[in-house]
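A.B. asks: I'd like to ask some things about the structure below.
Computed from the coordinates by the stated procedures, all read-outs in this text should not be read as laboratory data. If you're wondering where the values come from, they're calculated on a predicted model, not measured in any experiment. Note that we place each Cβ from the backbone using ideal geometry, even for glycine, and neighbour counts take in every protein chain shown.
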């Protein structure tokens, strides 16, 4: 009995107009990216040279990292508004640790941790901030929008408090303290490609693997699709949701470190409004704000579209005000196309149902 | 009460027998304001189908939720193999081998069939999901249920009946010792129910104990071994099903004579109220959902629509209600053509639909009973700019008493009402728009016997008042008892028309199968496909 093969549900049929429409709509983010690249290349010949590509990728990397974390959150149907502030606070934590160390009054000494230790401490700090948001959301039943809005203010406030609103300048450490080398994170490269781009790539691959191959990833989708069903199936809703905000916090901390390192300074206003760019990249990449639908790959493409669009417009000398207008229009347009596709998919599904009956 | 106590004692004694695998003992569950279960003892016999019946609100679902770990009892204990167990979460229940198929479909629409079947129980090798193995097993499960569902298809793309099959497959995938089925057949066709029953017998043979809840009483007698009846949170009967018949069950359930279930007053049928000509709804990608449908409805007439799922009955009333602007065809109300195409215009013209999916299309769950009722007719209570509280109040109060909606306070949220009362609120909402044609799409789906009887009474009264009533139902008995005339649909077309006198179950079923059988499939690609699926 080979019933499964004998009753193919996807029949081979000729490629119809709907198929082409579907293909174009599904790959719309990618098509948009190609379109943007082509347009800018034709308008500005140096757009596609290697140096420019690397610079653009560097710009994209930080937003993409935030957007990867944000993708997890949005897939569960949540939102994380605090990522920009966590970027700022972790930058200040790292900068402070390098320049001032940890003062232990009881012993009257100042401990200067090793650069690696600082990086780890900062990442843990960012993850913990995410955990706090997650716990507030799950245990105290606060809407994610509100909980992370709170975290946005609190983290930004602490970022300012850390050094009374001043910047930690020149955070390169001192050889005698053994805490040098922080600037290499932002400036160093491997095989001619900046570390931040590698980090983005590694995070993206891990995130892709987690979302598609691990039970955790599937639970994330399930919660976004139908939280009650996921709960009744035995998915640990609260734990999963908390972890999702921790992932976002972790990604934000990574970005905080990269930016502080690139600037060789930690400024308390680092990362302001980054959350909006991250959300835009996620949405542009086809992830539904209602949760349950989307992918890491889409987010990455979304981040590239936004980054390339921004840099390209700068190169063409378009005013920053017009840049904002264009970016806003592109985001809304993307969601409109998303809706069109969803409706079309529904129609096709309906049609197939009819055929099966 | 003494009868109930006797039953209780009998149940206690029965429990001493060895073949009771699971036993809920003296369970009391108190919710704010109500006692959902009062000292109920329920035995589940090993390898048997243990049927649980009762009206909505009798406490069945609460009892099931306790056994599934979703709710915790206020008092009482649960014994598995004679040992007390604690079920604090659905995960605990799974650990003890208790699986449940919920009444409301509990699937993630955004995930594929495979992903849903293995949700929270993913087959993983060193932490990584083994998609191949999952798909393989899913395919086997679906095959065991004799269905033709692509394991990679998104659940949202499946018909409701198919979704229910997935839900069943999901439970089967767990290798359970005890399987709770809460209304598993509410969206299944007769053929699919047969398959389900075969699977249930197979499970029984493997020693799986089944707890089976349904409102379809004939079905219960067909599949059940033991029957337990709950009424208002009390245990009223617990017996083997041999020698038990439907009237016996209904009597225990409602505590009164079942003959009064279908209340149909003789009413005078008037002139033609609605004439539908060539109503056509194209299907995207060719063909028709509604294929040039024409019919007439008279004032004071209850016109029944029977057909299989997907026959186009719901599409038909959706079109009349204005929910499908792409439909073409002409409508005449009292001889005058209805021009408006939008829902608002159709409501103004006198069409109103009580939709099939009450939760999704009929009610706003966050609003109160009163606000839900008024939603479709707010402009009637406007004083130029403001809503007039007093006028609203009067209208709401009148309908609550007219339809005897059981509600403590109209400001109560709609979700606190039982299914039957929610349905009455939807009907009330429709009536407040002062319609002339009332369309009821499966109005009795998922509501208990008592509420059904009340809905029928309301229908009958409305016909008497001269409304034209379109009544869609998949329950043959209902449609035969209530309709003045019955139209049968199949594949978007009307395939039979019967007066009350000529109609019989056999005739309706035969007409509903037109275009489905092998004999007619020659020119239907669809028909051929179906055959493949069943072979």
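A.B. asks: Please report how far the C-alpha centroid of segment B:462-493 lies from that of segment B:422-454, rounded to the nearest whole angstrom.
C.D. replies: 14
A.B. asks: Something else about it: Between residue A:180 and residue A:30, what length comes free when the chain is fully extended (0.36 nm per residue of separation minus the Cα-Cα distance, one decimal in nm)? All intermediate terms of the calculation are to be shown ahead of the outcome.
C.D. replies: Working: separation 150, 0.36 × 150 = 54.00 nm, distance 4.09 nm.
Contour length minus Cα-Cα distance gives 49.9 nm.
A.B. asks: Report, largest value first, the span of the C-alpha coordinates of segment B:367-434 along each principal axis, in whole Å.
C.D. replies: Answer, in whole Å and largest first: 36, 21, 17 Å.
A.B. asks: Suppose R0 equals 30 Å; then what is the FRET efficiency for residue A:100 and residue A:187 from their Cβ-Cβ distance, rounded to the nearest 0.05?
C.D. replies: Values: r = 23 Å, r/R0 = 0.75.
With a Förster radius of 30 Å, E is 0.85.
A.B. asks: Based on the Cβ-Cβ distance of residue B:367 and residue B:198, what FRET efficiency does E = 1/(1 + (r/R0)^6) give at R0 = 41 Å, to the nearest 0.05? Each step should come with its number before you reach the end.
C.D. replies: Working: r = 44 Å, r/R0 = 1.07.
It comes to 0.40.
A.B. asks: Here's another thing I want to ask about it. Taking 8 Å as the Cα distance limit and 6 or more residues as the minimum spacing, I'd like the relative contact order of segment B:367-434 as a percentage. Mind dumping the intermediate values first?
C.D. replies: Values: 65 pairs, mean separation 34.6, N = 68.
So the answer I get is 51 percent.
A.B. asks: Need one value for B:149-157: mean number of C-beta atoms belonging to other chains within 10 Å of its residues' C-beta atoms. Write down the numbers at each step before the final one.
C.D. replies: Values: counts 3, 7, 2, 2, 4, 4, 3, 7, 7.
Partner Cβ neighbours, averaged per residue: 4.
A.B. asks: Right, next: Applying 1/(1 + (r/R0)^6) with R0 = 22 Å to the Cβ-Cβ distance of residue A:170 and residue A:272, what FRET efficiency is obtained, to the nearest 0.05?
C.D. replies: 0.50
A.B. asks: Would you give the gap between the C-alpha center of segment B:116-137 and the C-alpha center of segment B:202-221, rounded to a whole Å?
C.D. replies: 28
A.B. asks: May I ask you to derive the relative contact order of segment B:108-175, considering only C-alpha pairs under 8 Å and at least 6 residues apart, and to give it as an integer percent? Provide the component values of the computation, followed by the final result.
C.D. replies: Details: 67 pairs, mean separation 30.9, N = 68.
It comes to 46 percent, rounded to a whole number.
A.B. asks: Hey, could you pull the Cα Rg and Dmax for the protein assembly as shown, both in Å?
C.D. replies: Rg then Dmax for the protein assembly as shown, in Å: 31.7, 104.
A.B. asks: Next question, about the same structure. What is the mean number of Cβ atoms from other protein chains located within 10 Å of the Cβ atom of each residue in peptide B:125-134, rounded to a whole number? Each step should come with its number before you reach the end.
C.D. replies: Details: counts 0, 0, 4, 5, 7, 1, 2, 0, 0, 0.
Mean partner shielding for this stretch: 2.
A.B. asks: Order B:78-86, A:129-137, A:225-233 from most to least packed using the mean count of other Cβ atoms within 10 Å. Each step should come with its number before you reach the end.
C.D. replies: On the way: B:78-86: 13.9, A:129-137: 24.1, A:225-233: 22.3.
The most tightly packed comes first, giving A:129-137, A:225-233, B:78-86.
A.B. asks: Using 0.36 nm per residue, how much length does the chain from residue B:332 to residue B:507 gain when fully extended, once their Cα-Cα distance is taken away?
C.D. replies: Working: separation 175, 0.36 × 175 = 63.00 nm, distance 2.96 nm.
Going from the current span to full extension adds 60.0 nm.
A.B. asks: Would you mind computing Rg(Cα) / (2.2 N^0.38 Å) for segment B:108-175, counting N as its residues? If you can, show how the numbers build up before the last one.
C.D. replies: Details: Rg = 11.1 Å, N = 68, 2.2 N^0.38 = 10.9 Å.
In units of the globular-protein estimate, segment B:108-175 measures up at 1.01.
A.B. asks: Here's a follow-up. For segment A:187-277, what is the Kirkwood estimate of the hydrodynamic radius, computed as the reciprocal of the mean inverse distance between distinct Cα atoms, to one decimal in Å?
C.D. replies: Working: mean 1/r = 0.0649 Å⁻¹.
Computed over Cα pairs of segment A:187-277, the Kirkwood hydrodynamic radius comes out at 15.4 Å.
A.B. asks: Residue A:316 versus residue A:146, label points 7 Å from Cα toward the beta carbon: distance in nm?
C.D. replies: Modelled inter-label distance: 4.4 nm.
A.B. asks: Any chance you could get the radius of gyration and Dmax over the Cα atoms of chain A, in Å?
C.D. replies: 22.6, 81
A.B. asks: Compute the distance in nm between two label points, each set 7 Å from the Cα along the Cα-to-Cβ direction, one at residue A:324 and one at residue A:49.
C.D. replies: Output for this residue pair reads 3.2 nm.
A.B. asks: Still on this structure, I have one more. Could you work out the mean count of beta carbons from other protein chains within 10 Å of each residue's beta carbon in A:284-294? Please report the intermediate quantities before stating the final value.
C.D. replies: On the way: counts 0, 0, 0, 0, 1, 0, 1, 1, 5, 5, 1.
So the per-residue partner count for this stretch is 1.
A.B. asks: Tell me, what is the percent relative contact order of chain A, built from C-alpha pairs under 8 Å that lie six or more residues apart?
C.D. replies: On the way: 574 pairs, mean separation 109.9, N = 357.
Computed value for chain A: 31 percent relative contact order.
A.B. asks: Fewest Cβ neighbours within 10 Å first, please rank B:126, B:500 accordingly. Can you show the working numbers first?
C.D. replies: Numbers: B:126 5, B:500 15.
With the fewest neighbours first, B:126, B:500 line up as B:126, B:500.
A.B. asks: Between residue B:266 and residue B:190, what is the spin-label point distance in nm, taking each point 7 Å from the Cα along the Cα→C-beta axis?
C.D. replies: Going from the residue B:266 label point to the residue B:190 one covers 3.2 nm.
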